[in-house]
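The values are calculated or read from the model by the stated rules, or taken from the named source; none is laboratory data. This is a predicted model, so every value here is computed, not measured. A quick note on method: Cβ atoms are made from the backbone with ideal geometry, for glycine too, and the neighbour counts reach across all protein chains shown. Keep in mind that these areas ignore ligands, DNA and RNA; they rest on the heavy atoms of the full protein, side chains included. Shrake-Rupley method; radii C 1.70, N 1.55, O 1.52, S 1.80 Å.
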Amino acid sequence: MNEPKTLQEAITYFADPDRCFAYAVKLRWPDGVIVCPRCGAAKNSFIKTRKLWFCYACKRQFTIKVKTIMEDSPITLDKWMTAFWLLANAKNGISSHELGRALGVTQTTAWFMLQRIREVMKGRNWTSKIGGEGNEMEVDETFVGGRVTNMHKSRREKAEGKGPYQNKTIVQGILDRNLRKVRASVVPGIGRETLQNEILKNVKFGSTVYTDAAVGYGNGLQRRFVHDVVNKTEAYVKGRVHVNGVENFWSLLKRSLRGTYVAVEPFHLSRYVDEQVFRYNHRKDGDRKLNDSDRFAAVMAQVLGHRLTYSDLTGKSDSPHHAPTGTGQTQVPF
């Protein structure tokens, strides 16, 4: 059977446990050489009845999930594959309730699965800057949070009188017009130092940077970039000077937050931003339009070396059960 191209084909393809397992093995060890994820030795034996290997070097058993985002998960591979496919290709995301009903698992399990997949989608560990001389960059920030008028009385009383953005979480985005790629992250404030430091960390000197007239972008950017400003109180576009591209990304992000997820805690917001950034950046590869199977392959290629325990996810990082696995230290695909 050919590899899946649509969701229906994916469900049929991964419904066969042996085919699903063989597909995962091919993704993780594309050269066909099975190596122990703990010690790196290639001398092992396969226990077919249990679908695991025994390493003769470290004298330990290992499965296909070891050192991946799925480690220690009792969820079967076919359900994991379907969850990866759905989240990578659902334009407005998929809720944990919906995923739980689709896979036949509890809402809590589905939520944990989605958060682990978002950890894989994370692009925060960018190793190089974008832009350069002659490249145009759009930079803007947005505020995420509920309206004061819709809050419960006790919360509304705390928020009233503190300004329109005191109950909001701030997200800053940088769009490379040439690559049509975006970077976005949650920032602690809208001060000049905070906003400009994000630009300095992600954009090469000499790039052309377009922003709105926010005070945080004034005084300083001109020293390292070609900086031009559009005042939105007067016009949204001034020739090539505008931030409509990154505004388009904000509309996609808020559509998923308001319509699909409804309520997101600020503690977890960065993961939902990473999810939308992944889908936005995997719409095209140059001039080639990416399809669902391309996005699925892209996210599956990143599962190795990531780990997210439930204690870490919920803010309790004192769990003695799991040692760090070196997240992000390997480029080998799953």
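Taken per residue, the accessible surface of region 67-204 reaches 48 Å², heavy atoms only and a 1.4 Å probe. Which loop-located GluC sites (Glu not before Pro) does region 73-144 contain, where loop means any DSSP state but H, G, I, E or B and the Cβ has at most 14 other Cβ atoms within 10 Å? Passing both the DSSP loop test and the Cβ count: Glu133. Site pair Glu265 and Ala102 shows an inter-label distance of 2.4 nm when each label is modelled 7 Å from Cα along Cα→Cβ.
Considering only beta bridges that DSSP places wholly inside the chain, some 75 percent are antiparallel.
Once the Cα atoms are used to define both axes, helix 269-281 deviates from the longest principal axis of the chain by about 90 degrees. Rolled with a 1.4 Å probe across the full set of protein chains, the surface gives Asp292 an accessible area near 50 Å². Computed over the chain, the per-residue total of -39500 (n - 2.57) for DSSP H runs of n ≥ 4 gives a 222 nm mean residue ellipticity of -10000 deg cm²/dmol, rounded to 500. The relative contact order of the chain, computed from alpha carbon pairs under 8 Å that lie at least 6 residues apart in sequence, is 21 percent. Annotation: lysines with alpha-carbon distance below 27 angstrom to Lys59 (same-chain offsets under eight excluded): Lys26, Lys43, Lys48, Lys51, Lys67.
All C-alpha pair distances within the chain, sorted into 10 Å bins from zero, spread as 5, 22, 29, 24, 14, 5, 1, 0 percent across the bins.
Would you mind classifying region 1-100 by shape? Square roots of the alpha carbon gyration tensor eigenvalues, ordered a ≥ b ≥ c; an a/c under 1.5 is rounded, otherwise it is prolate if a/b is larger than b/c and oblate if not. Prolate.
Counted residue by residue at 0.36 nm each, then reduced by the alpha carbon distance between them, the extension gain from Ala15 to Ser154 reaches 45.1 nm. Compared with the direct C-alpha span, the chain from Arg50 to Arg258 gains 70.5 nm at full extension, assuming 0.36 nm per residue. Suppose R0 equals 22 Å; then what is the FRET efficiency for Lys43 and Thr63 from their Cβ-Cβ distance, rounded to the nearest 0.05? So the FRET efficiency works out to roughly 0.80.
In order along region 191-199, phi translates into HN-Hα couplings of x, 4, 4, 5, 5, 6, 5, 5, 5 Hz, rounded to whole numbers, per the Karplus curve 6.51 cos²θ - 1.76 cosθ + 1.60 with θ = phi - 60° and x for Gly and Pro.
Working from Cα pairs under 8 Å separated by at least six residues, relative contact order for region 143-229 is 20 percent. Close amide H pairs (under 5 Å, H built 1.01 Å from N) link Leu52 with Ile47, residues at least 5 positions away or on another chain. Measuring nothing but protein heavy atoms, the accessible surface of region 1-77 at 1.4 Å probe radius is 55 percent carbon and sulfur. Within straight-line reach of Lys204, meaning a Cα separation under 22 Å, sit the following lysines at least 8 residues removed in sequence or on another chain: Lys122, Lys129, Lys181.
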